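Everything on this sheet refers to the single structure shown next.
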Amino acid sequence: MVVRPDSKVALAIALASILAIVVAGIGVVSTWQFAQDAKWVAHSHTVRGEILAVSTHVEAAKADIRGFLLTRDSAYLRRHHANLDSSEVAFLRLEALVTDNPEQQERVVAVRDLLTRREIAFDQTLALQVPSHQYVATIGPRLTIGEALTARIDSTLAVADGDERALLAARSARQANSERFVAISSGLLVLVAGLLAFMLRRSIRHDLHLRARMEANLRASEAKFAGILAIGADAIITVDEQRTILHFNHGAIEVFGYEPAEVLGKSLEMLLPARHAGTHPAHIHAFAAGGDVARQMGERREIHGRRKNGEEFPAEASISKLMTPTGWIFTAVLRDVTDHMRRETHERALATAGVQLSHSLEYDETLITVASVPVPPVGEWSVLDLVGDLDQGDTEFRRIASAHTTPAAHAALREWESDVLDWDSPEAVIDVLRTGRLQRIDAVSDDWLEAHLAQPRQVAVAKRIGMHSLLIIPLASRGRVLGTWTIGSSPGHVFNDNDVELAVALAESAVQAIENARLMRRAQRARMAREQVLGVVSHDLRNPISAVAMLARRLVADPPVEDGGRAIGANILCSVDWMYRLVEDLLDAASIDAGKLKVEPAPYPLPAIVQPVLEMFGDRADAQHILLGTEDMTTAPLVLADATRIGQVIGNLVGNALKFTPSGGRVTIGARPDSSEMLLWIRDNGVGIPIDDIPHVFDRFWHARRNSNVRGTGLGLPISQGIVRAHGGRIWVESTLGLGSTFFFTLPLARALMPGTGLSTGTLNSTFH
């Protein structure tokens, strides 16, 4: 409290009334007494100001300690040491001011000792090496010790300030008495009015200067406090008891998106979600009434903030309170933990996916698991489109859909799963497979569906599934796209960058699981093939070797006449040819397994490939009384093929057809161009294939339980399949039991005749043997 100028006027009037006899003495004594009273009143104001400055620095240092312990941000530590330095200077000034007051000196020394102890506790806390999972359990008690010391510091400072307030009241009372004495004595000061007016003028100027200096100190203290808050990386918001925003630092601008002018003077509720606005005042009042000076918010419920654009975000926050002459002031330090929670969510999803994908290495089971991995962490449903094992020459597509919680959508996904995808499909999946770049479709419209689906039926199925927003993720390994994930969202949800990031991370785990399952399948197949090869070698080769040995012993024991020797030699050559075929088939099968089957495609006329096969099997067909021929291929365009290998395929299929076609039957070779490929077929009217056997006809060493008159290794059809796939084609069979079978396969067309080949289309009309 500062003496007002009008009080000085009253003092001048009182002193002027003093008797002339004692005017000099009384005037000097009264003036001195007044000056002393004013000095001590000003002194008390100064002491209180320094106590407030010390308290401000202590509060700032406490906030920095909490900020550093909670965030490990070294900026808080630097500001903490700066506040310690400032508090040290403030202590020195305060100690110099209270030399006349032993009790105040003791309190100042006590505060300084408590602050030193708090710093020692803080340094000991910093020296701890605490694992992250024990951080809260270890640091919490340490933080409680520091808070207790800080509470004692605040309490001691509050006592010192209360004592100074009492002293100020006493001094102000004495000053009031002096003023009354001056008023009574004013009549005696008439003779010395001029002198007193001069002294009074100087006193007023001194008081005004003192007031200006104290106000400047207060503004500087406020500015320093505001500067400390402004540079905080976290959002720091100060409100009063009515939750009116008083301070809004730069971190708060970054977090909430508001400028200070938009929020200062307004209610704190504008920064909270609507569901929390009604209960928040009660929490503030409860905290104000409690004994805690500061505490962590969100101990019983999650904390959320609301940005200017209406977006809600999760947060971590702590709050402290400070009593001021105008009431409680609350300061909240808040941090946006959206990224932290997103990382935790992603880590949990990846860990869960890892457990799911590691459950089994069985190939089909792994694919079903892979199809379900993105549900629900990314989307509501997903579809896995997988290209066949390219290392094995398999380019066929396989589609597997996840489950769906809605029965109608689940049934639609099963129908969608049954569709066969091909490289000419307009679906967006094909674009992703070709480019290896993911696609995000925010809104799936009817026009989009019609543009990317080939049939109206597919459009209807897609609508039943509920395609609102799509995310198509490539599943790539070693620079090669193995397949795609098509992930669908729930209604109203649009995939964001976080969804894409999580889906890509899950895709990496899914690809690894697919590759591991394929390696396991190859290992199992290799083991089975090795066992089957041993069976072939030990069984099938034994017969021709035994035949050769028997015939050789016969030659040694009983040399035949000329004609008999020729027949034995022919039998030996037949057995040797049989063994050669077995060895060649085994070598071809091994090359296919290793992905090293060598083909050298070139533009070639189809008739030139088929004609040698007709000549090769003509005598056999005649002997079996089977009609072997071709349909008209005169206008057949060039195919891109390895003529020797494709001739081997056609020969295997023709030989297979002759095996199961009875006398009087017919075997026909046909072909026709279809889009960018040539479709070939070998049709017979033999015994046909049972429907249960059709899935196994291309299996290794599998023999049909049908009547045939020619033995075989069981490798012809698997080898044919490997050769066709190596050309980028497909092979399959259609058969009706008792009516015959048709084997189909495709070859790419050669777009133009390559210069220098000398190839021509040739002629191959319908001919039969």
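The values are calculated or read from the model by the stated rules, or taken from the named source; none is laboratory data. Quantities reported herein were computed from a predicted structural model and do not represent experimental measurements. Don't worry about glycine lacking a Cβ; one is built from the backbone with ideal geometry, like all the others, and counts go over all protein chains shown. Calculation scope for accessible area: heavy atoms of the full protein, side chains included, ligands and nucleic acids excluded. Shrake-Rupley method; radii C 1.70, N 1.55, O 1.52, S 1.80 Å.
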Can you find a residue that is open to solvent by 90 Å² or more (accessible area, probe 1.4 Å) and modelled with pLDDT under 65 anywhere in segment 511-531?
yes
Test of understanding: among SER372, SER425, SER418, SER402, which residue is closer than 30 Å to ASP699 by Cα and open to solvent by 50 Å² or more (accessible area, probe 1.4 Å)?
SER418
Could you list, in sequence order, the residues of segment 462-478 that are under 30 Å from ALA505 (Cβ atoms) and not in a loop (DSSP other than H, G, I, E, B)?
ALA462, ILE465, LEU470, LEU471, ILE472, ILE473, PRO474, LEU475, ALA476, SER477
Cβ pairs under 6 Å, 6+ apart, first in segment 425-444 and among the polar types (S, T, N, Q), second modelled with pLDDT of 90 or more:
GLN439/VAL432; GLN439/ILE472
Could you count how many residues in segment 225-272 are modelled with pLDDT under 85, surrounded by 15 or more Cβ atoms within 10 Å (Cβ to Cβ) and in a loop (DSSP other than H, G, I, E, B)?
3
Could you list, ordered by first residue, the pairs with Cβ atoms under 6 Å in which the first is in segment 149-174 and closer than 11 Å to SER55 by Cβ and the second is of a type in the set (Gly, Ala, Ser) and in a helix (DSSP H, G or I), at least 6 apart or interchain?
THR156/ALA110; LEU157/SER55
Pull up segment 654-708, narrow it to residues that are modelled with pLDDT of 90 or more and at positive phi, then point me to the one that is most open to solvent (accessible area, probe 1.4 Å).
GLY664
Residue list for segment 97-126, restricted to those being over 19 Å from THR56 (Cβ atoms) and of a type outside the set (Val, Ile, Thr)
ASP100, ASN101, PRO102, GLU103, GLN105, GLU106, ASP113, ARG117, ALA121, ASP123, GLN124, LEU126
Do any residues in segment 91-119 that are without any contact (Cβ under 8 Å) to a residue 12 or more places away in the chain have Cβ atoms under 6 Å from those of residues that are surrounded by 17 or more Cβ atoms within 10 Å (Cβ to Cβ), where the two are at least six apart or on different chains, and which pairs are they?
GLN105/VAL98
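With GLY310, GLY265, GLY257 as the choices, which residue is on the phi > 0 side of the Ramachandran plot and free of Cβ contacts under 8 Å to residues at least 12 places away in the same chain? Don't jump to the end; show me each part of the working.
Details: GLY265 fails: free of Cβ contacts under 8 Å to residues at least 12 places away in the same chain; GLY257 fails: free of Cβ contacts under 8 Å to residues at least 12 places away in the same chain.
On inspection, the qualifying residue turns out to be GLY310.
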Any residue in segment 360-374 that is closer than 30 Å to GLU59 by Cβ, β-branched (Val, Ile, Thr) and either assigned to a loop (DSSP other than H, G, I, E, B) or at pLDDT 85 or above (or both)?
no
Looking at this structure, is VAL444 open to solvent by 20 Å² or more (accessible area, probe 1.4 Å), more than 22 Å from HIS410 (Cβ to Cβ) and modelled with pLDDT of 85 or more?
no
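Each row is one residue, and each column tells you yes or no for (1) assigned to a strand (DSSP E or B); (2) free of Cβ contacts under 8 Å to residues at least 12 places away in the same chain; (3) over 19 Å from SER741 (Cβ atoms); (4) within 52 Å of the chain's Cα centre (by Cα).
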site	(1), (2), (3), (4)
LEU640	yes, no, yes, yes
ILE650	no, no, no, yes
LEU653	no, no, no, yes
ALA657	no, no, no, no
MET678	yes, no, yes, yes
ARG683	yes, no, no, no
Which pairs do you get when a residue that is open to solvent by less than 20 Å² (accessible area, probe 1.4 Å), found in segment 57-74, comes within reach of a residue that is modelled with pLDDT under 75 and not in a helix (DSSP H, G or I), reach meaning Cβ atoms under 9 angstrom, with the pair 6+ apart or on two chains?
GLY67/ASP73; GLY67/GLY232; GLY67/ALA233
Of all residues in segment 307-327, count the ones that are within 16 Å of TYR258 (Cα to Cα), touching a strand residue (DSSP E or B) at 6+ places or on another chain (Cβ under 6 Å) and open to solvent by 30 Å² or more (accessible area, probe 1.4 Å).
1
So GLY379, is it part of a loop (DSSP other than H, G, I, E, B), more than 24 Å from TYR363 (Cβ to Cβ) and either among the aromatic types (Phe, Trp, Tyr) or touching a Leu at 6+ places or on another chain (Cβ under 8 Å) (or both)
yes
Whichever residue in segment 621-639 is buried (at least 19 other Cβ atoms within 10 Å of the Cβ) and hydrophobic (A, V, I, L, M, F, W, C) and, among such residues, is modelled with the lowest pLDDT
MET633
Selection count, segment 328-364, where residues are within 25 Å of PHE397 (Cα to Cα) and either hydrophobic (A, V, I, L, M, F, W, C) or open to solvent by 60 Å² or more (accessible area, probe 1.4 Å) (or both):
8
Cβ-Cβ distance below 9 Å, separation of 6 or more or different chains: which pairs start in segment 493-506 with a residue that is farther than 17 Å from GLU347 by Cβ and end on one that is in a helix (DSSP H, G or I) and open to solvent by less than 30 Å² (accessible area, probe 1.4 Å)?
HIS493/ASP499; PHE495/ALA503
Subset of segment 405-415 (residues that are over 28 Å from the mean Cα position of the chain (by Cα) and surrounded by 18 or more Cβ atoms within 10 Å (Cβ to Cβ))
ALA412
Show the residue pairs that are 6+ apart or on different chains and have beta-carbon atoms under 6 Å apart, the first residue being within segment 455-471 and free of Cβ contacts under 8 Å to residues at least 60 places away in the same chain and among the hydrophobic types (A, V, I, L, M, F, W, C), the second being part of a helix (DSSP H, G or I) and open to solvent by less than 50 Å² (accessible area, probe 1.4 Å).
VAL459/LEU449; VAL461/ALA412; VAL461/TRP416; ALA462/LEU449
